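Trainee: Just passing along the structure, written as structure tokens.
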Amino acid sequence: MKLPFDHNSIYSRLIVTGLVPLALLSILMAFYFITTQRAEMLSSLHDTGHIAVRQVSQNTAFALYSGDRKRLDSLSYSTLETPSVEGMVFFNYKDNEKIHIGNIGPFNGEIPQNIDRSLPFEIEGYWYFYSEILSERSPIMDFEEVTEYEPEKIGWVLVSLSDEILRQKERSFILTAATVVLFSLLLAFWLSIRISRTVSEPLERLKDVVGKMESGDLNPVASE
């Protein structure tokens, strides 16, 4: 009994020839769209982090300098309402004190020394954004003094963002992409079977006739 998917048959070769390039192309396209989508979502997360840490550093300067913990908490919790923002760490140079608000994830309170603080860094699914906190006070300066005023650094803040929402969207996108690819391959497989059967049957008959002719049997030619 001849198997319908004999790898030596024309029928099977037509199906494989049609499906393999399509499967590879589908997988490459799915990988491209998944990586592109993840890059866009990560860029959006970074934009959110940069905006959040900038707002916090600007709005909490006086509260941190004056030691007004109630105001500091109030301003901080309003930022925590931003999606993905989990918590923040304040450091006051004057009091040499760290203040933790919200969930700062696996951060141990010490900023790694070998990083560029202008860029966010990631620890176990949490992204951290750093900013100096500068004094809002402007000193009284003599009119003849030409030295540019540099704001006093009173501390820094580190805002933590969780990438859980990003990973949820990524899993959803991967599931959708996998479903589309699988459905496309199944449809392509069904079409390949129909088309390959139409093409392969005449070729198989011709192959049989040629084989019989090579063996010296000319009856198939005479019957044609």
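The values are calculated or read from the model by the stated rules, or taken from the named source; none is laboratory data. If you're wondering where the values come from, they're calculated on a predicted model, not measured in any experiment. Cβ sites come from the backbone with ideal geometry, for glycine too, and all protein chains shown count toward neighbours. Note: areas computed on protein heavy atoms with side chains; ligands, DNA, RNA excluded. Shrake-Rupley method; radii C 1.70, N 1.55, O 1.52, S 1.80 Å.
Trainee: Any residue at all in the stretch 51-69 that is open to solvent by 60 Å² or more (accessible area, probe 1.4 Å), in contact with an Asp or Glu (Cβ under 6 Å, 6 or more places away or on another chain) and within 17 Å of Trp127 (Cα to Cα)?
Mentor: no
Trainee: Shifting gears a bit: Scan the stretch 76-85 for residues that are more than 20 Å from Leu42 (Cα to Cα) and open to solvent by 60 Å² or more (accessible area, probe 1.4 Å) and jot them down.
Mentor: Those that are more than 20 Å from Leu42 (Cα to Cα) and open to solvent by 60 Å² or more (accessible area, probe 1.4 Å): Tyr77, Ser78.
Trainee: Out of everything in the stretch 55-70 that is in contact (Cβ under 8 Å) with a residue 24 or more places away in the chain and not in a helix (DSSP H, G or I), what residue ends up being farthest from the chain's Cα centre (by Cα)?
Mentor: Gly67
Trainee: Let me ask something else about it. Kindly indicate whether any position in the stretch 108-118 is of a type in the set (Val, Ile, Thr), within 29 Å of Glu150 (Cβ to Cβ) and under 24 Å from the mean Cα position of the chain (by Cα). Even if it seems obvious, please write down each step before you answer.
Mentor: Start the filter on the stretch 108-118 by keeping residues that are of a type in the set (Val, Ile, Thr), which leaves 111, 115.
Narrowing the set further to residues that are within 29 Å of Glu150 (Cβ to Cβ) leaves 111, 115.
Then keep just the ones that are under 24 Å from the mean Cα position of the chain (by Cα); that gives 115.
Yes - at least one qualifying residue is present in the stretch 108-118.
Trainee: Restricting the search to the stretch 71-85, which residues are more than 18 Å from Ile154 (Cβ to Cβ) and either among the aliphatic types (A, V, I, L, M) or free of Cβ contacts under 8 Å to residues at least 12 places away in the same chain (or both)?
Mentor: Selection gives Ser74, Ser78, Leu80, Glu81, Val85.
Trainee: Also: For the subset of the stretch 94-130 comprising residues that are closer than 18 Å to Ala61 by Cβ and touching a residue at least 60 places away in the same chain (Cβ under 8 Å), which member is most open to solvent (accessible area, probe 1.4 Å)?
Mentor: Lys94
Trainee: It is to be established whether one or more residues within the stretch 86-93 are open to solvent by 50 Å² or more (accessible area, probe 1.4 Å), closer than 16 Å to Trp156 by Cβ, assigned to a loop (DSSP other than H, G, I, E, B) and touching a residue at least 60 places away in the same chain (Cβ under 8 Å). Walk me through how you get there before you give the answer.
Mentor: Pass one, the stretch 86-93, residues open to solvent by 50 Å² or more (accessible area, probe 1.4 Å): 86, 93.
Next, only the ones that are closer than 16 Å to Trp156 by Cβ stay: 93.
Still in the running and assigned to a loop (DSSP other than H, G, I, E, B): 93.
With touching a residue at least 60 places away in the same chain (Cβ under 8 Å) added as a condition, the list becomes 93.
Yes, the stretch 86-93 contains a residue that is open to solvent by 50 Å² or more (accessible area, probe 1.4 Å), closer than 16 Å to Trp156 by Cβ, assigned to a loop (DSSP other than H, G, I, E, B) and touching a residue at least 60 places away in the same chain (Cβ under 8 Å).
Condition check ((1) hydroxyl-bearing (Ser, Thr, Tyr); (2) part of a helix (DSSP H, G or I); (3) modelled with pLDDT of 70 or more) across all residues:
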residue	(1), (2), (3)
Trp127	no, no, yes
Leu161	no, no, yes
Leu191	no, yes, yes
Ile195	no, yes, no
Gly216	no, no, no
